[in-house]
Structures are given as C-alpha cells and as structure tokens.
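Please treat every number below as a calculation from the coordinates, not as lab data. Please read all numbers here as calculations on a predicted model, not as lab measurements. FYI the Cβ positions are ideal-geometry reconstructions off the backbone, even for glycines, and counts take in every protein chain you see.
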2 protein chains.
Amino acid sequence: MPPVLHSPVLEALGRRITGGELTAGAVLTLDGIGAEFEVSRTVAREAMRLLEGLGLVRSGPRVGIVVLPHDAWNVLDPRVIEWRLAGPGRASQLRSLTELRQAVEPLAAACAARGASAAVRDELVATARRLRELGEAGHGDGEEFLELDIRLHELLMRSSGNELFSALADVVAVVISGRTHLGLMPAHPEPEALDAHEAVALAVARGDGAAAEEAMARIVREVRGALG
Amino acid sequence: MPPVLHSPVLEALGRRITGGELTAGAVLTLDGIGAEFEVSRTVAREAMRLLEGLGLVRSGPRVGIVVLPHDAWNVLDPRVIEWRLAGPGRASQLRSLTELRQAVEPLAAACAARGASAAVRDELVATARRLRELGEAGHGDGEEFLELDIRLHELLMRSSGNELFSALADVVAVVISGRTHLGLMPAHPEPEALDAHEAVALAVARGDGAAAEEAMARIVREVRGALG
DNA sequence: CTCAACCATTGGTGACACCATTGATGCGTG
DNA sequence: CACGCATCAATGGTGTCACCAATGGTTGAG
C-alpha cells in the first residue's frame, strides 16, 4: 500500500484542470499553489512537474504555470481518464472510451482465444455462467455482478498477450465501474448481453478466435447503443 | 520550444529501465543518482517522481527507489513507447503497437468518414494519389513517402472526432516512422497497399464508413503480415 | 527465535543564489 | 507633446543546501 502521501495537490489541480474549472491559458504560480495547499514550494514544484508530464500544464520562467488546451493532454493516462470521468463532460468521455473499447476489445478477445491459459479459460466460463445467474435473478445492478463483469473483461484483455491491451484493462474496468455507479445498468440486463458474454467465454475456451471477436463486438455494440 | 530539458536524468534512467539494463527489483538511491549525474537530490527527486508517474519505479522511505516489473509500466505513454522502441525488444514492441493499430485504425477511419471536414477529405485523396505516384516510381522507402504516409494516417485519426484516437495518432506516426527507418519498407510497395490507401481516402471522401473501415483493415493487415 | 534499538534513506521544509523574461521607466528625438 | 527605443528592476521558475521527521530493514541482545 503506497502511503499515497506525496501530493493531494496533484489530485486537486488535476481535477480542477480536467474539469474545466481552470481553462486553457490560466496561470498558476508556485507560491500561489504553496499558499493555497499549505505546502512548500518544493512539493508544489513536484506536483507541477507531474502535471507537466501529463500534458496539462507547461511552465516557463516569468510566465508562470500555464494551463494547456485539452488537445495537449495525455488523454490515455489512467489518472487523466479518472479525473475526466469524475468531472463534468463525463458523458462525452464515456462515449469516447466506449468507442475505444469497441475498437480494442474484440481484437483482444480474438487474441485471448489463441493465448489464454487453461486456468483463465476455466475462470472465464465460470464467470460468464455466474454472470448469467445473477442477471437472470435481477441483480444486474449489484456489486457482485459489477465485479464479475470487470473480472471477465480484465481477464480477456490481460490474456491477449499484448501488453498494450493489458494496459487498457484498467481503463475498461473504470468505464464499466463508472457505468453502473452512475446508475446506467438495469437490474435485468438484456438477455442478448448475457448470451454474448457467455458466447465470448465459450469461444475463448475452445480457442475460436473469430467467434470470440464477433461475440465481443456484440457486447460492446450493445453498450455503445445503451449510451445513445 | 520546451526550455531544453532540465532532466536528462529522466531520459537516461527511463531508457535504462525500459531497455532492461535495470531490471525489476533493482534499487536506486537519490544520492546515487545525484552522484552519477552530478545533480542535487532535489532534481533527482523530481526525475524520480516523473518515473514514478510513468509506473517505472516506486519509492519509499528506507527502501529506496525500486524498479517495477514491466507490467506496471504506463506502456501507453508516448515517452515509454519511444524509449522501448529505441532499445532492445523493439521488434516485439513494434508487433504490439501494430496490433493496437489493427484494432484502432479501421474504426477511426470509419469515424472519420462521418466527421471529416471538406478540407480534410480533399487532402486525403490528394495525399493518397501522391503516395501512389511515389510508390509506383520506386520511392516507397523515401522520406517524402514516409511523411505523406504519416500525414494520411494522422489526418484520419485526428478527424475521427474521438480524442482518444487523436492521441494515438502520435503513436501511429512513431510506428510508421520506425518501420521505414529500420529498413522494413520496400522501395516498391505492394500495389495492394497503394490501392488500399487510395480506397480509404476515397471512401472517407464520399462518407462511406464501412468501405473506409474495410480498406483500412486491409492496410493494417498487410502491415501486420509484413512483420511476420 | 523474538524483539527492540539503531540507522540509513526518503519525505518534506525553508532559505538562498541564479537567470531569463517581461513590463515599466526614462531618456532622446521629431 | 508624442512617439520610440534602450535600459533596468521586479517577477517567478530552476537549482542547491542544510535540516528535521518518519519509516522500515538490519542487527544485535536476550
């Protein structure tokens, strides 16, 4: 457990910028940050460096710390994604992320069908089965359903054999989690969705990449449709 | 112009870790870094924070700065990608990245067919045409071909209307660039590839998303095949 | 073998020197 | 009086140092 002590400053400023409270062109100063958060210039500087690394700000002598326009941001960084999902504009963010899922997850599933270990294949089928049980029992909006849903997608991404897909597993988890916590999940999921989840698990289990890809495409298409 | 780089330390350590010279579990100390690069503890700490933000290391009191295993890295960060492409293992990195392209670019092309501006549509077809000319003239491995190829893919990604795809445009540019600079491009590109590039440009120009997606899929599949 | 004291190493602070940039001041000229 | 140019001081990031607090591995004692 990281003592997560270093910088609540980073969190606060990050959310403030990604949330639009601080718009592009706004300037900060180290002293101002230090004064507001009651920290020394050193930690203000460190937080600023982190923000700079995320592409949120840029600093120069005499000019201060300038907030950058959103197209300079590292929008693929998990922290930025989380901040943006927490602030206003989370709807558009969710749409963008789902579009990314639409692109990546089917291929990841196909890869997983080739590369997954026996243990993973078993867990996938078991997870999909339990998911169906919970869904048909009307717990599609529950905590356990959520966890298993995340687990299934995470297993698929991480078994794809592609580290870039693995890295996107966190993103997918955040998206799924955000979707239910925002109350967008029905207690009784579409039977189609449950079928598709089971289909992808079974397809991966028997090594059928094409079927896995197709089933996963159905899942994400359904999700995308639910967002409007 | 970024005020030079106050931290060549970041570059050096980043490459050393991503290149495998410093393996997971290795420990560094601030004083050690400061001594090697002749900088103060403060800037060593800043560089360390950046590295921590990239998921390359983790630091704690008394334990030092510990290098993390590669599955904790922020592999989607442009800096990490660049470092890994420069070091050993660039072949596997290229494969992973191409797989990501395979997932993203077709969908991005489909989106671009819906959202691109008139100016972009024009530039796309012009670029594809010039690409064909150069390719048929045997300059498929030349600098101008490379630039136009990057330009075409970048235009498509950035016109997709999805900021996440836009952010991946840099990655695609790096991959394409790396491929030719590693001498993997033939002077006479496959006619199929030229056809596909022109097809995707024309499809986007006339707003045919499905055709654009299919043509782009052909392009990336061909690239993937060329990598073995 | 267990536990407590030790101490190395990071985390954090404040003060200081340095330097580039910028905006204002001031001088000269028409 | 107005305009332009050069000089200068204020500002704010960059880097260094010395210092103290917290912490957790190490080691030595019981």
*asked:* Can you list the copy-to-copy distances for A:GLU143, using a point 7 angstrom from Cα toward Cβ, in nanometres, shortest first?
replied: 6.2
_From the P(r) of the protein assembly as shown, could you give the percentage of C-alpha pairs in the tail past 30 Å?_
50 percent
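Starting from the stretch B:180-224, pick out the trypsin sites (Lys or Arg not before Pro) whose DSSP state is loop and whose Cβ has at most 14 other Cβ atoms within 10 Å.
On the way: sites: B:ARG206, B:ARG218, B:ARG221, B:ARG224; in loops: B:ARG206.
Hits after loop and neighbour filter: B:ARG206.
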*asked:* With loop defined by DSSP as not H, G, I, E or B, and exposure as at most 16 other Cβ atoms within 10 Å, which is the longest segment of chain A clear of exposed GluC sites (Glu not before Pro)?
replied: A:39-228
*Would you mind getting the Kirkwood hydrodynamic radius of the stretch A:80-228 from its Cα pairs, rounded to one decimal in Å?*
15.0 Å
*Cα-projected label distance for A:ARG151 with B:GLU190, points at 7 Å along beta-carbon direction, nm*: 4.2 nm
*asked:* If you average the alpha carbon positions of the stretch B:47-95 and of the stretch A:201-228, how far apart do those two centres end up, in angstrom?
replied: 32 Å
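For A:GLU11 and B:VAL120, what does the FRET efficiency come to when R0 = 35 Å and r is the distance between their Cβ atoms, rounded to the nearest 0.05?
Working: r = 38 Å, r/R0 = 1.07.
The computed FRET efficiency comes out at 0.40.
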*Take the Cα radius of gyration of the stretch A:1-91 and divide it by 2.2 N^0.38 Å, with N its residue count; two decimals is plenty.*
1.03
_Rg and Dmax [Cα atoms of the stretch A:46-153; Å; Rg one decimal, Dmax integer]_ = 19.8, 63
*Shortest first and in nm with one decimal, please list how far the A:ASP170 label point sits from its counterparts in the other copies (point 7 Å along Cα→Cβ).*
1.7
